[in-house]
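A quick write-up on the structure given underneath.
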Amino acid sequence: MTLDEAIYNQLPALQVIVPLIAVPLVAMMRARHLAWLACTLTSLLSFGIAVVITTELLAGATWQYAMGAWPAPMGIELRIDSFSALLLLIVTGASTLMLLAARVPIAAQIQSIRQPLFYAVWLLTLGGLIGILVSGDAFNIFVFMEISSLATYVLVAAGRDRRALAAVFTYIVMGTIGATFYLVGVGLIYMMTGTLNLADMGVRLEQVADSRPVMAAAAFITVGLALKAALFPLHIWLPNAYTRAPHIVTAFLAACSTKVAIYVLLRFDFLIFQESIPNHALHFAGLLLPLALAAMIVGSWVAMFEDNLKRLLAYSSIAQVGYILLGAGLISTTGLSAAVLHMFNHALIKGVLFLAVACLGVRLVQLRLSELGGVARHMPWTMSAFAAAGLSLIGVPGTAGFVSKWQLIVAALEVGPWGLVPIIAIVTSSLMAVVYIWRIVETTWFAHASTAVASVREAPSWMLVLVWLGVAANVYFGLQPQLPLTLATGAAELLLESCCD
Amino acid sequence: MFVTAAIAILVTMALVLVRALLGPTVYDRILAANMFGTKTVILMALIAFLADRPDFLDLALTYALINFIGVLAVLEFFQHRVQSHSDTADKSGESR
Amino acid sequence: MEILGLFNYWVFVLLLMTGLFAIIHKSNLIKKLIGLSIFQSAVFLFYVTLDKIDEGTAPIIRDTDLVDQIYANPLPQVLILTAIVVGIATTALALAVIVRIKEEYGTIEESEMRELDRYLS
Amino acid sequence: MTLVFGTFLLSMMVLVAIAIVREHNLFVAVMLSAIFSLLMATNLFLLDAADVALTEAAIGAGISTVLALGALALTAEAEQRHRPKYRWLSIAIMVLALVALLYSTQDNPRIGDPEAPVHQHVAPWYLEQTPILIDIPNVVTAVLGSFRGYDTFGEVLVILTAGIGVLFLLSAGRNDLLPNPRRIPDNTIRLRQHTIPHVIGKLLAPFIILFGLYVQFHGEYGPGGGFQAGALIAAGVILYGLVEGERPSLALVPPNLLYGLSLGGVLLYGGVGIASMLLGGNFLDYSVLMTDPIAGQHWGLLLIELGVGMTVTGVLLSIYHAFAARDPH
């Protein structure tokens, strides 16, 4: 075995271990620039590993790795398939992009001696999220969920005013309830099967199908993860946490944190409960579809009247969670692949939008729409990037947002006459998105200049380069959606493999 | 033999618990917490013998040590509060 | 005796709900946090209940000549060791947040914090 | 017999939990929580979970009580009475959920049922194979350290996250990350004035630390291991701090050392994993560390438990000092 092969075989483990091992090293550093550099390079390396893994998995295989070399149900197994690969790309990519842009905004918001700790916690968040995605073991997912959650709380609490602390406390309480519910659910399944390995669970649950503990487990896990994913009406922690966190942190979290929870939710519901609970698909859709539709309408509705720019985008995110779960609730290959694709596209869109907000945040303290009048005339590059990403959010043809919304509509049409309801919701919610994006564009470009913005300059050019890189990605994946589409279709087929249709 | 002892300990624990829950002063509760810890240590030792695993006396030892630290911490912080705001601490002690 | 065979699960459910009640109904942040730790403790009880086996003893293997000795299931114990550590980590972090909240707001009552923020905005 | 004991103890536990929720004096609520933890630990012991009982006693009843008291000293001691909105509605929902959950437990396997699925799959393998593959008596340590060593790595990172997080949060607006012994006002009264607790505490502290070391290195043979040992050692140093005051305690074990211990423990754990990768095995495959796989497992377990102990000691003490050395005003 050559060295290349040796490293190649260890890739799944390296994917998760590289950021985690770097944590103590970064935390030891005293110089903030060095800490930033180390953190960014680590994240870049993780992204590289994710790219290599993805190219391997495009064919639709799964990659297994036994931790400690113990065979699967006894030891912990890592299991990467095209669904996890797509999410890995999102998480590591978003982290790298935001870190590259982070130096200036973070220097402005966090004291220099605390910055090494901040970057160490960032790597913990990244490592925790990756750990969830690559894991094939139910309890191991809990452990990594807690690493990423605790680290996320700290990142959010780094926000500059006291309301960040209040938001974080709510977030801690909600997050812990969600995680504990998940833990109870896993315990109930363990009680009925004696195993913690996800694949093994799926097989062994068939023998105890239709028992009350399994139903309770499904309820606990679905509710717990819906709480983590901020599904309406369990979203109350999200707007404040997103609004009060440092801007770059918001950009990172908006791009990936709720999506990882949705990933785990879909895994459990489709791969484990689907077969063991009779009519599970019906229950799942019956519960999820109305909530998803409500989230789409309510989230967009609130966003239309919101004054705070970050809170506005946070409510828009709640609506987007609705889109994703709508696709999943249709329980068809097209629907699921649309959902998974929208996870990817939404990460691209929201990442860019919040990154543009971070650019604004470098120059301005208040991010209320009423005080941003005419800011675009001073920061044209930032705001045109914002507008471009906004178009993608609305779903204008030629952008990434269009592809996944189109897929969603196609999936809804397959359902028959009832599919009209989701289509109406999608169209309504998109029209609302037109309204709130237009409100921002109108205010920032055409409104009378307020005094607060009179003397602002354009954001640092390095950040602009990154924002526009994101915009370019939005257009590229709008015109050439093959890569995410292949992975998403692979994921959908994988999830529905065991299902009825 | 061990069973009888264990039952006696359980009854004592219940009695101590009554004091801990009813108070009325904070000092009662501190004393009750301390005594409850002591009873737990003995119960632990008894269970170890009942289960025929006397090597688990380690656990009872841990409990004894931890209990001591816990009570000292309570006293320390309580004293600290009495001295820093003597009014409020007394009131909260008597009102319950 | 048979009726007590599920008693641990009932206590688990009761504790879960008691904790949840404190989290939802109390305005004091420390009280909420204590509720949260009762909520988490309930799960410890649930998991460890699973490991019990009649006539069994703790899974620390004694002299090898006792071949027919039955041992409890070690796996839930390992999981709960982890969960306890997660619990203390969450508690410590939340306490630090509460201390900071007290310094910034001057109160740790959620209702008062909300009032104060309303003035600010 | 144990079933009856358990029922009795569990009933007491429910009573204590309800009392905690109803109690308005936070100081008393924290004390009752300590009693709750002791009851929990006794129950865990009755359920044959010796390692968990040890951990719950050291962490639940010991460390978390001390931390909560430290935070209380900085915040408030009484809860304000207030009447939440929609009280009865949510109580009704909770009672409904309670009934639903109680209903769902009816199909659970009876406690101690040897036929329960958990005793059929995976667990028997651990009990059978541990003496053969790892050759240590404590199966819990074997599962924790080797079979599911990756979970434990995650757990150490959780603790580290909490440690870094607390330091990060509490350093806001300050010039140093770690508590600085020279900046702490030495006017705190502490228990130094009271001779008996002072003498006993000072006498006991080294023995607690010694006992902690015993638990650390005896973890393969009896209940215990890195977590319990770390908590005990931290408790010993905390005891010293309680009776002597913060400043001497920080001078004895400097914050830098504690920070180094926390990070070093994670590095040691991860380093063992990486070493096994470099020697051609998978991550955390200790068998490749030595020519004899069983000796490799022994060494691996010893080292990772040491890493766990280091991180837990370092983090718990750092967190304690972050609270205790803080000026309440």
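Every read-out reported here was derived from the displayed coordinates using simple, explicitly stated rules and does not represent laboratory data. Because the structure is predicted, anything quoted here is derived from the model rather than measured. Glycine also receives a Cβ, built like all others from the backbone with ideal geometry; neighbour counts cover every protein chain displayed.
Set the Förster distance to 60 Å, then compute FRET efficiency between A:Ser455 and B:Val11 from the Cβ-Cβ distance, nearest 0.05. Walk me through the numbers before you get to the answer.
On the way: r = 78 Å, r/R0 = 1.30.
Using R0 = 60 Å, I get an efficiency of 0.15.
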Query raised in the report: So which GluC sites (Glu not before Pro) in the range A:431-501 are both in a DSSP loop and have at most 13 other Cβ atoms within 10 Å of their Cβ?
Result: A:Glu497
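Taking all pairs of different Cα atoms in the range D:107-191, averaging 1/r and flipping that mean, what Kirkwood radius in angstroms comes out?
On the way: mean 1/r = 0.0563 Å⁻¹.
Every distinct Cα pair counted, the radius reaches 17.8 Å.
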Report summary line: For the range D:1-104 the trypsin sites (Lys or Arg not before Pro) that pass both the DSSP coil test and the at-most-10 other-Cβ-within-10 Å test are D:Arg81, D:Lys85
Query raised in the report: What nm distance separates the two modelled labels at D:His121 and C:Arg118, each placed 7 Å from Cα along Cα→Cβ?
Result: 5.4
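When A:Met432, A:Met383, D:Met310 are ordered from fewest to most other Cβ atoms inside 10 Å of their Cβ, what list results?
Starting with the residue having the fewest Cβ neighbours, the order is A:Met432, A:Met383, D:Met310.
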Query raised in the report: What share of Cα pairs, in percent, lie more than 26 angstrom apart in the range D:175-304?
Result: 41
**Report entry** Percent of C-alpha pairs per 10 Å bin, the range A:127-253, short to long
**Finding:** 13, 39, 29, 14, 5, 0
Query raised in the report: Under a straight-distance cross-link criterion of Cα-Cα below 18 Å, which aspartates and glutamates are reachable from A:Lys405, leaving out those fewer than 8 residues away in the same chain?
Result: A:Glu414
Query raised in the report: For the Cα atoms of chain A, what angle does the longest principal axis make with the long axis of helix A:247-266, in degrees from 0 to 90, nearest 10?
Result: 20
Query raised in the report: Antiparallel as a % of all DSSP beta bridges within the protein assembly as shown, to the nearest 5?
Result: 75
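Per residue, what volume in Å³ does the convex hull of the Cα atoms of chain D enclose? If you can, show how the numbers build up before the last one.
On the way: hull volume 61.1 nm³, N = 329.
Roughly 186 Å³ of hull volume per residue.
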Requested in this report: Express in whole angstrom the spacing between the alpha-carbon centres of the range A:324-366 and the range A:37-83.
Outcome: 23
Query raised in the report: If you average over every viewing direction, what projected area does the convex hull of the Cα atoms of the range D:88-135 give, in nm²?
Result: 5.3
Requested in this report: Return one number: the angle in degrees, 0 to 90 and rounded to the nearest 10, between the long axis of the Cα atoms of helix A:82-109 and the longest principal axis of the Cα atoms of chain A.
Outcome: 30
Query - Principal-axis tilt of helix A:138-157 within chain A, Cα atoms, nearest 10 degrees - result: 10
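Going by a ≥ b ≥ c, the root eigenvalues of the Cα gyration tensor, does the range C:16-121 fall in the rounded group (a/c under 1.5), the prolate group (a/b larger than b/c) or the oblate group? Please report the intermediate quantities before stating the final value.
Details: a/c = 6.25, a/b = 3.24, b/c = 1.93.
Prolate, because a/c is 1.5 or more and a/b exceeds b/c.
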Report task. Multiply the residue gap between D:Leu252 and D:Thr195 by 0.36 nm, knock off their C-alpha separation, and tell me the result in nm, one decimal place. Result -> 18.4 nm
Report task. With springs connecting C-alpha atoms under 10 Å apart, model chain D as a Gaussian network and identify which of D:Val237, D:Val14, D:Val95 has the largest mean-square fluctuation. Result -> D:Val95
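For the range D:138-329, what relative contact order do you get, as a whole percent, if you take Cα pairs closer than 8 Å and at least 6 residues apart?
Working: 274 pairs, mean separation 57.7, N = 192.
Once normalised by length, the contact order is 30 percent.
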Query raised in the report: Would you list A:Glu77, A:Glu56 from fewest to most Cβ contacts within 10 Å?
Result: A:Glu56, A:Glu77
Query raised in the report: Simple spin-label model, 7 Å along Cα-to-Cβ: D:Ala92 to D:Asp327 in nm?
Result: 5.3
**Report entry** Cα gyration tensor shape for the range D:1-79, rounded if a/c is under 1.5, else prolate or oblate
**Finding:** oblate
Report summary line: Summing -39500 (n - 2.57) over every DSSP H run of at least 4 residues in chain C and dividing by its residue count gives a helix-only mean residue ellipticity at 222 nm, to the nearest 500 deg cm²/dmol, of -24500 deg cm²/dmol
**Report entry** Distance-filtered residues of the range A:101-135 - backbone nitrogen under 17 Å, label point 7 angstrom along A:His33 Cα→Cβ
**Finding:** A:101-108, A:112-116
Query raised in the report: Which of the lysines could a cross-linker bridge to C:Lys32, judged by Cα under 18 Å and excluding same-chain residues fewer than eight apart?
Result: C:Lys102, D:Lys85
Report summary line: Taking max minus min of the Cα coordinates of the range A:280-421 on each principal axis, largest first, gives extents in Å of 52, 27, 21
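Return one quarter of the surface area of the convex hull spanned by the alpha-carbon atoms of chain A, equal to its mean projected area, in nm².
On the way: hull surface 87.8 nm².
Orientation-averaged projected area of the Cα hull: 21.9 nm².
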Query raised in the report: Once every DSSP H run of n ≥ 4 in chain A is given -39500 (n - 2.57) and the sum is divided by its residues, what mean residue ellipticity at 222 nm do you get, rounded to the nearest 500 deg cm²/dmol?
Result: -25500 deg cm²/dmol
Report task. Pairs of Cα atoms under 8 Å, at least six residues apart: use those to get the relative contact order of chain D, whole percent. Result -> 20
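By counting other Cβ atoms within 10 Å of each Cβ, how are C:Asp54, B:Asp28 ranked from fewest to most? If you can, show how the numbers build up before the last one.
On the way: C:Asp54 11, B:Asp28 16.
In order of increasing Cβ crowding within 10 Å: C:Asp54, B:Asp28.
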Query raised in the report: Check A:Asn308: other-chain or 5+ apart residues with amide H under 5 Å from its amide H, H built from backbone geometry?
Result: A:Leu369
Report summary line: Pseudo-spin-label distance C:Ser111 to D:Ala100, built 7 Å along Cα→Cβ, given in nm, is 2.9
Requested in this report: Select from chain D the helices, each a whole stretch of DSSP H, whose alpha-carbon atoms run 18 Å or more along the helix axis and whose Kyte-Doolittle mean is at least 0.0; answer none if there are none.
Outcome: D:2-22, D:26-46, D:87-104, D:149-170, D:195-217, D:226-244, D:255-278, D:293-324
Query raised in the report: In deg cm²/dmol and to the nearest 500, what is the mean residue ellipticity at 222 nm of chain D if only DSSP H runs of at least 4 residues count, each as -39500 (n - 2.57), divided by the residue total?
Result: -22000 deg cm²/dmol
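So what are the range A:114-179's ellipsoid semi-axes, whole angstrom, largest first, if each one is the square root of 5 times an eigenvalue of the alpha-carbon gyration tensor? It would help to have the intermediate numbers written out before the result.
Details: eigenvalues 104, 48, 6 Å².
That gives 23, 16, 6 Å for the three semi-axes.
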Requested in this report: Evaluate the relative contact order of the range D:155-241 (contact order divided by residue number), counting alpha-carbon pairs under 8 angstrom at least 6 apart; express in whole percent.
Outcome: 21
Requested in this report: Would you compute the Debye intensity of the range D:1-141 from its alpha-carbon atoms alone, equal scatterers and no solvent, and pass along log10 I(q)/I(0) at q = 0.13 Å⁻¹ to two decimals?
Outcome: -0.87
Query raised in the report: What base-10 log of the normalised intensity I(q)/I(0) is obtained for the range C:24-71 from the Debye formula, alpha carbons as equal point scatterers, at q = 0.19, 0.22 Å⁻¹?
Result: -0.70, -0.80
Report summary line: Excluding residues fewer than 8 positions from A:Lys310 in its own chain, the lysines with Cα under 21 Å of it are A:Lys228, A:Lys259, A:Lys350
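After finding the eigenvalues of the alpha carbon gyration tensor for the range A:1-136, what semi-axes result from the square roots of 5 times each, listed largest first in whole Å?
Details: eigenvalues 175, 47, 33 Å².
Each semi-axis is √(5λ); the values are 30, 15, 13 Å.
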**Report entry** Over the protein assembly as shown, volume per residue of the alpha carbon convex hull, in Å³
**Finding:** 155
